[in-house]
Amino acid sequence: MKNQQFKKRNTRPYSSIMLLSAIVITALLGIVTYLMMETPEETESTVSTEIATDPERIEDGIHLRTGLKAGEGMDAVIRHCTPCHSAKLVIQNRMDAAGWESTIHWMQETQNLWDLGDDQEVVIQYLTREYPVSTKGRRQVLKDIEWYSLEQ
Amino acid sequence: MNRRGFLSRTTLAALSAAIGAEVFYGAEIPSGYQLIIEQDPDLFSLYHKDRDMVLLNDRPINIEAKAHLLDDHVTPEQFMFVRNNGKVPGELDAGSWSLLINGESVRQARSFTLEELKEQFTHHTYHLTLECGGNGRSEFDPPAKGNQWTVGAVSCAKWTGVRLRDVLREVGLKEDAVYIGYHAADIHLSGDPRKEVISRGIPIAKALQQETLLAFEMNGKPIPIIHGFPLRLVAGGWPASVSGKWLKGISVRNKVHDGPKMESPSYRVPCRPVAPGTEVSAEDMCIIESMPIKSLITNPRSGAILEAGKNLRIKGHAWAGELEVDKVSYSIDFGATWQDCTLDKPLNRLGWQQFKAIVDFPGKGYFEIWARATDSRGISQPMVLPGWNPKGYLNNACHRIAVKVA
């Protein structure tokens with residue numbers, strides 16, 4: 001009842017308010033939809049799209065498909081190391097030349113790795129150059145702390 | 001196997017479970033065809049892992065939690081670490097699954113279907129702490145080879161199954177039995193079907209403990225694929241690598257089991273302490289058994305900024321391998337002084353225990369909260385790295401979180 005009376009008395013301003021609201025809502029919806037659909041997708045899919053178009057692309061010194069550092073010997077590492085395991089296993093590790101050599105030897109003895117031939121030296125040089133051992137000591141300083149306000 | 005050359009209904013069911021959705025035209029998939037999601041899967045959705053979990057390696061799959069993700073008393077699937085040595089088996093059919101018990105020290109080899117195990121033996125449920133032997137490896141100096149786990153390769157879920165000892169007694173052991181070794185369905189990274197990926201084991205005394213299970217449920221549901229569906233050996237308190245996933249066989253041995261990853265240096269540490277970086281010969285390396293005393297502050301997340309004058313509630317878990325945790329203390333002054341935390345009893349032996357405390361700060365500034373647990377034999381966690389070992393196992397140094405009072 002109340003509503004009907006309200007409508008009768010205010011038909012004109014009411015309809016213009018409706019029209020205005022509709023325009024505003026449509027515009028807002030458009031913006032929200034745009035934000036939801038365009039922005040995150042664009043940022044998220046940039047890397048994968050680039051990988052899809054050029055799997056061997058190198059950006060900021062990083063080989064996008066594998067995550068390996070670009071440098072002489074990287075191709076040999078991809079060829080010999082990544083058929084069985086991901087490059088992520090390589091990238092995590094730090095060893096000196098003797099360490100890498102014994103790791104390769106262990107994989108040949110027990111994990112079906114083939115003879116690397118002349119590439120073995122190239123691979124070891126790449127790994128020790130791009131992923132050098134650094135001294136950490138008995139306890140490192142806490143790193144990469146993401147600070148946030150805590151309400152308890 | 002299937003005359004029409006399409007996927008069987010059970011394979012399809014396993015596939016749907018893995019993807020988390022039904023494959024609509026599943027019946028039309030020719031056998032041998034790999035769905036796009038299988039060829040290039042989003043591992044997090046495929047295996048129901050939280051997006052904040054850390055992917056260390058995707059081939060083989062190795063994923064760890066962060067300390068604050070492990071706040072639950074019972075670790076849910078999405079926060080449970082994954083340590084794989086090989087590829088996840090493709091065909092996992094609970095209906096046709098069987099377990100073969102054999103080896104020199106059984107009276108007669110015998111096979112049980114999963115259904116027979118469930119029907120013939122009493123079910124038991126335990127909360128069991130499983131920690132990767134290499135948890136904390138990333139801190140060692142000189143660095144140790146392998147996945148660089150930080151703190152999150154530990155879990156304590158609720159496992160349900162039958163006791164291994166009930167099954168072994170039914171089969172009958174010879175008097176010379178000293179060890180058991182497991183055999184599993186995972187696939188070698190090289191794809192070589194003749195190569196066993198990992199086949200570790202435990203001494204017979206550990207195998208006969210009441211909490212050592214042939215488990216078929218985790219947290220009240222069938223074990224998730226990535227954690228060993230449909231059958232897993234679960235032996236809490238020891239390096240999680242003895243808890244073989246996708247279990248197909250148990251060999252009862254009259255000597256220390258000699259499967260892959262039992263040999264030095266895998267899951268072994270120097271029998272006597274060595275200086276960092278020392279080369280240790282195989283005969284001087286000893287198999288890791290019970291895991292050492294350890295604790296983790298799971299709340300708050302490191303990096304909290306507090307208002308001055310407010311106190312801080314902290315909580316977390318502590319565990320001690322075969323032993324119980326007797327005490328947990330915390331320090332806000334890098335170990336100069338320690339205060340006691342409140343510590344709960346475990347829900348059962350080999351389950352982790354909860355600690356909590358209310359921390360007061362003397363003023364504004366940067367603080368670190370260190371937690372240190374002590375086991376029932378009076379052994380505490382070290383504040384710095386424990387003894388160096390070639391493979392970077394057993395790092396049980398105190399866990400720390402950073403706090404600012406502003």
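The values are calculated or read from the model by the stated rules, or taken from the named source; none is laboratory data. Quick caveat: nothing in here was measured; it's all calculated off a predicted structure. All Cβ positions, glycine included, derive from the backbone under ideal geometry; neighbour counts span all protein chains shown. To get the accessible areas, we keep the full protein, side chains included, count just its heavy atoms, and leave off ligands, DNA and RNA. Shrake-Rupley method; radii C 1.70, N 1.55, O 1.52, S 1.80 Å.
What to note about this one:
- Selection over segment B:61-98 of residues that are open to solvent by 10 Å² or more (accessible area, probe 1.4 Å), assigned to a loop (DSSP other than H, G, I, E, B) and farther than 28 Å from B:Glu115 by Cβ gives a count of 6.
- All told, B:Tyr330 falls short of being in a loop (DSSP other than H, G, I, E, B) and open to solvent by less than 40 Å² (accessible area, probe 1.4 Å).
- When A:Met95, A:Met107, A:Met74 are checked against the criterion of being more than 7 Å from chain B (Cβ to nearest Cβ) and open to solvent by less than 30 Å² (accessible area, probe 1.4 Å), A:Met74 stands alone in meeting it.
Residue-by-condition table, conditions (1) within 14 Å of chain A (Cβ to nearest Cβ); (2) touching a His at 6+ places or on another chain (Cβ under 8 Å); (3) over 16 Å from B:Gly228 (Cβ atoms); (4) in contact (Cβ under 8 Å) with a residue 12 or more places away in the chain:
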site: B:Arg83; (1), (2), (3), (4): yes, no, no, yes
site: B:Gly90; (1), (2), (3), (4): no, no, no, yes
site: B:Ser96; (1), (2), (3), (4): no, no, yes, yes
site: B:Glu104; (1), (2), (3), (4): no, no, yes, yes
site: B:Leu114; (1), (2), (3), (4): no, no, no, yes
site: B:Thr122; (1), (2), (3), (4): no, no, yes, yes
site: B:Leu130; (1), (2), (3), (4): no, no, no, yes
site: B:Gly136; (1), (2), (3), (4): yes, no, yes, yes
site: B:Thr160; (1), (2), (3), (4): no, yes, no, yes
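- Screening A:Lys143 on (1) within 27 Å of the chain's Cα centre (by Cα); (2) modelled with pLDDT under 95; (3) not in a loop (DSSP other than H, G, I, E, B) shows it passes everything except condition (3).
- When B:Gln108 is tested against (1) part of a helix (DSSP H, G or I); (2) within 15 Å of B:Arg169 (Cα to Cα), just one condition goes unmet, and that condition is (1).
- Pairs with Cβ under 7 Å, 6+ apart, first in segment B:342-359 and over 16 Å from B:Val74 (Cα atoms) and in contact (Cβ under 8 Å) with a residue 12 or more places away in the chain, second β-branched (Val, Ile, Thr) and part of a loop (DSSP other than H, G, I, E, B): B:Val359/B:Ile332
- In segment A:112-140, residue nearest to A:Ala70 (Cα to Cα) [restricted to those that are touching an Asp or Glu at 6+ places or on another chain (Cβ under 7 Å) and not in a loop (DSSP other than H, G, I, E, B)]: A:Tyr126
- Just one of the listed residues (B:Glu324, B:Glu307, B:Glu263, B:Glu283) is at pLDDT 95 or above, among the acidic types (Asp, Glu) and surrounded by 16 or more Cβ atoms within 10 Å (Cβ to Cβ), namely B:Glu324.
- Strands (runs of 3 or more DSSP E) contained in segment B:337-406 and holding at least 2 residues closer than 30 Å to B:Lys145 by Cβ and either under 28 Å from the mean Cα position of the chain (by Cα) or away from every other protein chain (no Cβ under 12 Å) (or both): B:365-375, B:399-405
- Looking across segment B:179-232, the residues that are among the β-branched types (Val, Ile, Thr), away from chain A (no Cβ under 14 Å) and part of a strand (DSSP E or B) come down to B:Ile180, B:Ile202.
- Some residue of segment B:164-175 being within 22 Å of the chain's Cα centre (by Cα), surrounded by 23 or more Cβ atoms within 10 Å (Cβ to Cβ) and at pLDDT 95 or above: yes
- Test result for B:Arg313, open to solvent by 40 Å² or more (accessible area, probe 1.4 Å) and either part of a strand (DSSP E or B) or within 10 Å of chain A (Cβ to nearest Cβ) (or both): yes
- Hits in segment A:110-137 (condition: surrounded by fewer than 17 Cβ atoms within 10 Å (Cβ to Cβ), more than 14 Å from A:Cys81 (Cα to Cα) and either in contact with a Lys or Arg (Cβ under 8 Å, 6 or more places away or on another chain) or within 11 Å of chain B (Cβ to nearest Cβ) (or both)): A:Thr110, A:Pro132, A:Val133, A:Ser134, A:Thr135, A:Lys136, A:Gly137
- Among all positions in segment B:287-302, there is at least one residue which is outside any strand (DSSP E or B), within 14 Å of another protein chain (Cβ to nearest Cβ) and open to solvent by 10 Å² or more (accessible area, probe 1.4 Å).
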